[in-house]
Amino acid sequence: MPMENRNSQEWLVFGSKLPKAEIVYFCQIVIVYIIILTAIVNLSLNNGNSELWISLLCSAIGYALPSPSLNNGRTLPISEQPKL
């Protein structure tokens, strides 16, 4: 990759320009799925320390799943909001 394109928002991949954020995102997701698959296989075969594989599996699943959110785009009036 040429030096002038290092800070560019697009990268040249296989002859076409793609957004840098998109490439990074897909690479991260592929790596997370590889970790998940490896952890499941090693847990199934009882290879190594099971606590290690369980923690890797839980961490990778937590990274891959979206964060939960209660906000659905609308807000309740102050009188209808739950009291804590």
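How far apart, in nanometres, would the label points at SER67 and ASN46 be if each is projected 7 angstrom from Cα along the Cα-to-Cβ direction?
4.1 nm
Take SER8, SER44 and sort them by solvent-accessible surface of the protein heavy atoms, 1.4 Å probe, largest at the top. Before the final figure, lay out the partial values.
Details: SER8 35, SER44 85 Å².
Output order, biggest surface exposure first: SER44, SER8.
Mind listing the long-range amide H neighbours of TRP11? Cut-off is under 5 Å, sequence gap 5 or more, other chains count too, H placed in the peptide plane at 1.01 Å from N.
LEU18, LYS20
For the range 23-34, just list the computed ³J(HN,Hα) in residue order, Karplus coefficients 6.51, -1.76 and 1.60, θ = phi - 60°, integers in Hz, with x standing in for Gly and Pro.
Coupling constants for the range 23-34: 5, 4, 4, 5, 5, 5, 5, 4, 5, 5, 5, 5 Hz.
Could you state how much accessible area SER59 has, in square angstrom rounded to the nearest 10, with a 1.4 Å probe and all protein chains kept in place?
80 Å²
The values are calculated or read from the model by the stated rules, or taken from the named source; none is laboratory data. This one's a predicted model, so the numbers in the text were calculated from it and none came from an experiment. Using ideal geometry, Cβ is built from the backbone for each residue, glycine included, and neighbour counts are taken over all protein chains shown. To get the accessible areas, we keep the full protein, side chains included, count just its heavy atoms, and leave off ligands, DNA and RNA. Shrake-Rupley method; radii C 1.70, N 1.55, O 1.52, S 1.80 Å.
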